[in-house]
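The values are calculated or read from the model by the stated rules, or taken from the named source; none is laboratory data. In this text, all values refer to a predicted model and were calculated from it rather than measured experimentally. Glycine gets a Cβ as well: all are built from the backbone with ideal geometry, and neighbour counts include every protein chain shown. Note: areas computed on protein heavy atoms with side chains; ligands, DNA, RNA excluded. Shrake-Rupley method; radii C 1.70, N 1.55, O 1.52, S 1.80 Å.
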Amino acid sequence: MAAAAGPGSFTGVRIGMAAAEGLAWSLGVPVAPVSTLEAMAWMFEGFSGTVCCCMDARRQQVYRAVFELQGGRPERLLEDDAVSIAQLEEELTSLSGEIILVGDGARLCYNSLKGHMENIRTAPEHLLYQTAWGVARCALAHEELFAPAEEARISYHRLSQAERERLARLEKGDT
(Lines give C-alpha, C1' and ligand atoms only; values in the text may rest on other atoms or scores of the structure.)
Protein backbone atom coordinates (compact mmCIF):
# COMPACT_ATOMS: atom_id res chain seq x y z
CA MET A 1 0.00 0.00 0.00
CA ALA A 2 1.26 3.49 -0.80
CA ALA A 3 0.05 7.01 -0.05
CA ALA A 4 1.17 10.56 -0.72
CA ALA A 5 2.66 11.75 2.56
CA GLY A 6 3.14 15.38 1.63
CA PRO A 7 3.73 18.05 0.99
CA GLY A 8 0.18 19.11 0.34
CA SER A 9 -2.82 20.47 2.15
CA PHE A 10 -2.67 19.56 5.82
CA THR A 11 -6.17 18.10 5.85
CA GLY A 12 -5.82 16.26 2.54
CA VAL A 13 -2.52 14.65 3.52
CA ARG A 14 -3.90 13.63 6.94
CA ILE A 15 -7.02 12.06 5.42
CA GLY A 16 -5.06 10.20 2.73
CA MET A 17 -2.44 8.87 5.11
CA ALA A 18 -5.06 7.90 7.73
CA ALA A 19 -7.00 5.93 5.12
CA ALA A 20 -3.85 4.17 3.88
CA GLU A 21 -2.68 3.41 7.43
CA GLY A 22 -6.09 2.04 8.41
CA LEU A 23 -6.30 -0.20 5.36
CA ALA A 24 -2.68 -1.35 5.71
CA TRP A 25 -3.11 -2.08 9.40
CA SER A 26 -6.36 -4.02 8.91
CA LEU A 27 -4.87 -6.06 6.04
CA GLY A 28 -1.57 -6.63 7.82
CA VAL A 29 0.45 -5.12 4.97
CA PRO A 30 3.13 -2.41 5.06
CA VAL A 31 2.55 1.13 3.83
CA ALA A 32 4.93 3.36 1.86
CA PRO A 33 4.53 7.09 2.54
CA VAL A 34 5.93 8.75 -0.61
CA SER A 35 6.69 12.35 -1.50
CA THR A 36 3.77 13.93 -3.33
CA LEU A 37 6.29 15.89 -5.41
CA GLU A 38 8.36 12.86 -6.38
CA ALA A 39 5.18 10.99 -7.31
CA MET A 40 4.51 13.74 -9.86
CA ALA A 41 7.99 13.32 -11.34
CA TRP A 42 7.32 9.62 -11.98
CA MET A 43 4.59 10.64 -14.43
CA PHE A 44 7.46 11.62 -16.75
CA GLU A 45 9.18 8.24 -16.66
CA GLY A 46 10.84 7.79 -20.05
CA PHE A 47 11.26 11.54 -20.63
CA SER A 48 14.77 13.03 -20.66
CA GLY A 49 15.13 16.43 -19.08
CA THR A 50 14.39 18.41 -15.94
CA VAL A 51 11.06 18.35 -14.11
CA CYS A 52 10.26 20.91 -11.43
CA CYS A 53 7.37 19.71 -9.29
CA CYS A 54 5.69 22.64 -7.57
CA MET A 55 2.57 22.94 -5.48
CA ASP A 56 1.03 26.20 -4.33
CA ALA A 57 1.87 26.48 -0.62
CA ARG A 58 0.10 29.85 -0.28
CA ARG A 59 1.71 32.68 1.67
CA GLN A 60 3.86 33.56 -1.39
CA GLN A 61 5.54 30.14 -1.40
CA VAL A 62 5.51 26.89 -3.33
CA TYR A 63 6.47 23.39 -2.27
CA ARG A 64 9.07 22.30 -4.80
CA ALA A 65 11.39 19.46 -5.73
CA VAL A 66 13.47 19.21 -8.88
CA PHE A 67 14.37 16.03 -10.74
CA GLU A 68 16.58 15.19 -13.70
CA LEU A 69 15.16 12.34 -15.74
CA GLN A 70 17.77 10.20 -17.40
CA GLY A 71 17.27 6.62 -18.42
CA GLY A 72 13.63 6.99 -17.51
CA ARG A 73 14.12 7.44 -13.74
CA PRO A 74 13.84 10.69 -11.80
CA GLU A 75 17.09 11.60 -10.05
CA ARG A 76 16.56 14.18 -7.33
CA LEU A 77 18.39 17.51 -7.76
CA LEU A 78 16.58 19.48 -5.03
CA GLU A 79 14.81 18.09 -1.96
CA ASP A 80 11.17 18.80 -1.12
CA ASP A 81 10.94 22.21 0.50
CA ALA A 82 8.72 25.28 0.83
CA VAL A 83 10.40 28.19 -0.98
CA SER A 84 9.51 31.59 -2.37
CA ILE A 85 9.07 31.91 -6.12
CA ALA A 86 12.11 34.23 -6.11
CA GLN A 87 14.20 31.47 -4.53
CA LEU A 88 12.81 28.96 -7.03
CA GLU A 89 13.88 31.25 -9.87
CA GLU A 90 17.42 31.42 -8.44
CA GLU A 91 17.56 27.63 -8.22
CA LEU A 92 16.18 27.01 -11.71
CA THR A 93 18.36 29.66 -13.38
CA SER A 94 21.44 27.54 -12.67
CA LEU A 95 20.00 24.60 -14.63
CA SER A 96 20.48 24.16 -18.35
CA GLY A 97 18.05 22.76 -20.87
CA GLU A 98 14.29 22.76 -20.89
CA ILE A 99 12.48 22.65 -17.53
CA ILE A 100 8.95 21.32 -17.29
CA LEU A 101 6.81 22.68 -14.45
CA VAL A 102 4.26 20.25 -13.05
CA GLY A 103 1.78 20.41 -10.16
CA ASP A 104 -0.96 22.77 -9.03
CA GLY A 105 1.68 25.52 -8.68
CA ALA A 106 3.00 25.08 -12.24
CA ARG A 107 0.95 27.87 -13.79
CA LEU A 108 1.64 30.21 -10.87
CA CYS A 109 5.38 29.62 -11.26
CA TYR A 110 5.26 29.82 -15.04
CA ASN A 111 3.40 33.16 -14.97
CA SER A 112 5.97 34.54 -12.51
CA LEU A 113 9.06 33.18 -14.26
CA LYS A 114 8.28 33.28 -18.00
CA GLY A 115 9.58 36.84 -18.37
CA HIS A 116 12.92 35.88 -16.79
CA MET A 117 13.44 32.36 -18.09
CA GLU A 118 13.00 31.17 -21.65
CA ASN A 119 13.61 27.48 -20.93
CA ILE A 120 10.50 26.73 -18.85
CA ARG A 121 7.09 25.41 -19.82
CA THR A 122 4.18 23.77 -18.07
CA ALA A 123 3.36 20.10 -18.45
CA PRO A 124 0.45 19.11 -20.68
CA GLU A 125 -2.90 19.14 -18.87
CA HIS A 126 -3.11 15.33 -18.54
CA LEU A 127 0.28 15.22 -16.76
CA LEU A 128 -0.07 18.37 -14.69
CA TYR A 129 -1.33 16.94 -11.39
CA GLN A 130 -0.35 14.12 -9.07
CA THR A 131 -2.04 10.76 -9.60
CA ALA A 132 -2.45 7.48 -7.78
CA TRP A 133 -0.36 5.88 -10.53
CA GLY A 134 2.53 8.25 -9.75
CA VAL A 135 2.27 7.43 -6.04
CA ALA A 136 2.28 3.69 -6.75
CA ARG A 137 5.18 3.94 -9.21
CA CYS A 138 7.20 6.02 -6.74
CA ALA A 139 6.58 3.45 -3.99
CA LEU A 140 7.74 0.62 -6.26
CA ALA A 141 10.98 2.50 -6.85
CA HIS A 142 11.56 2.95 -3.11
CA GLU A 143 11.08 -0.40 -1.41
CA GLU A 144 12.93 1.00 1.62
CA LEU A 145 9.89 3.19 2.40
CA PHE A 146 7.61 0.24 3.16
CA ALA A 147 7.08 -0.12 6.90
CA PRO A 148 4.34 -1.07 9.35
CA ALA A 149 1.39 1.35 9.24
CA GLU A 150 2.09 2.72 12.72
CA GLU A 151 5.54 3.90 11.56
CA ALA A 152 4.30 5.92 8.56
CA ARG A 153 5.11 9.63 8.83
CA ILE A 154 3.74 12.72 7.09
CA SER A 155 6.07 15.42 5.68
CA TYR A 156 4.54 18.87 6.06
CA HIS A 157 7.67 21.03 5.45
CA ARG A 158 6.24 23.93 7.44
CA LEU A 159 3.89 24.62 10.33
CA SER A 160 0.13 24.72 9.86
CA GLN A 161 -1.73 28.04 10.14
CA ALA A 162 -3.04 27.05 13.59
CA GLU A 163 0.48 26.22 14.80
CA ARG A 164 1.88 29.50 13.44
CA GLU A 165 -0.89 31.47 15.17
CA ARG A 166 -0.32 29.61 18.45
CA LEU A 167 3.42 30.36 18.34
CA ALA A 168 2.71 34.02 17.59
CA ARG A 169 0.42 34.20 20.64
CA LEU A 170 3.06 32.54 22.83
CA GLU A 171 5.71 34.99 21.63
CA LYS A 172 3.43 37.89 22.63
CA GLY A 173 2.87 36.29 26.01
CA ASP A 174 -0.80 35.46 25.30
CA THR A 175 -2.13 32.07 26.32
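Evaluate the charge dipole of region 44-175 about its Cα centre and quote only its size in Debye, nearest 20, assuming +1 on the Cβ of each Lys and Arg and -1 on the Cβ of each Asp and Glu. Display every interim value, and only then the final one.
Working: 15 positive and 22 negative charges, 90 e Å.
Value, rounded to 20: 440 debye.
For region 1-82, what is the convex hull (Cα atoms) projected area averaged across all directions, in square nanometres? Can you show the working numbers first?
Values: hull surface 23.4 nm².
In nm², the orientation-averaged hull projection of region 1-82 is 5.8.
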To the nearest 0.05, the calculated FRET efficiency linking residue 116 and residue 58 through their beta-carbon distance, R0 being 22 Å, is 0.50
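Ignoring any ligand, DNA or RNA, what whole percent of the accessible area of region 22-175 comes from carbon and sulfur when the probe is 1.4 angstrom?
Working: 4340 of 8520 Å².
Taking all protein chains in place, region 22-175 shows 51 percent carbon and sulfur surface.
Could you tell me what % of all Cα pairs in region 80-133 have separations over 16 Å? Write down the numbers at each step before the final one.
On the way: 580 of 1431 pairs.
The proportion of pairs with Cα distances above 16 Å equals 41 percent.
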Provide, for q = 0.13, 0.15, 0.18 Å⁻¹, the log10 of I(q)/I(0) from a solvent-free Debye sum over equal Cα point scatterers in region 60-164. -0.59, -0.77, -1.07
Largest first, please: the extent of the C-alpha atoms of region 27-68 along each principal axis, to the nearest Å. 41, 32, 11
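How long are the semi-axes of the equivalent ellipsoid of the chain, defined as square roots of 5 times the Cα gyration tensor eigenvalues? Whole Å, largest first. Don't jump to the answer; show the numbers that get you there.
Details: eigenvalues 150, 119, 27 Å².
The three semi-axes for the chain are 27, 24, 12 Å.
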Contour minus Cα-Cα distance for residue 96 and residue 165 (0.36 nm per residue): 20.8 nm
Give me, ordered by chain and number, the residues 5 or more places off residue 57 or on other chains with an amide H under 5 Å from its own placed amide H. 62, 63
Once the Cβ-Cβ distance between residue 126 and residue 87 is put in as r, and R0 is 35 Å, what FRET efficiency do you end up with, to the nearest 0.05? 0.75
Output wanted: per-residue J couplings in Hz (rounded whole) for region 130-145, from phi through Karplus 6.51 cos²θ - 1.76 cosθ + 1.60, θ = phi - 60°, x for Gly and Pro. 5, 9, 4, 4, x, 5, 5, 5, 4, 4, 4, 7, 10, 4, 5, 6
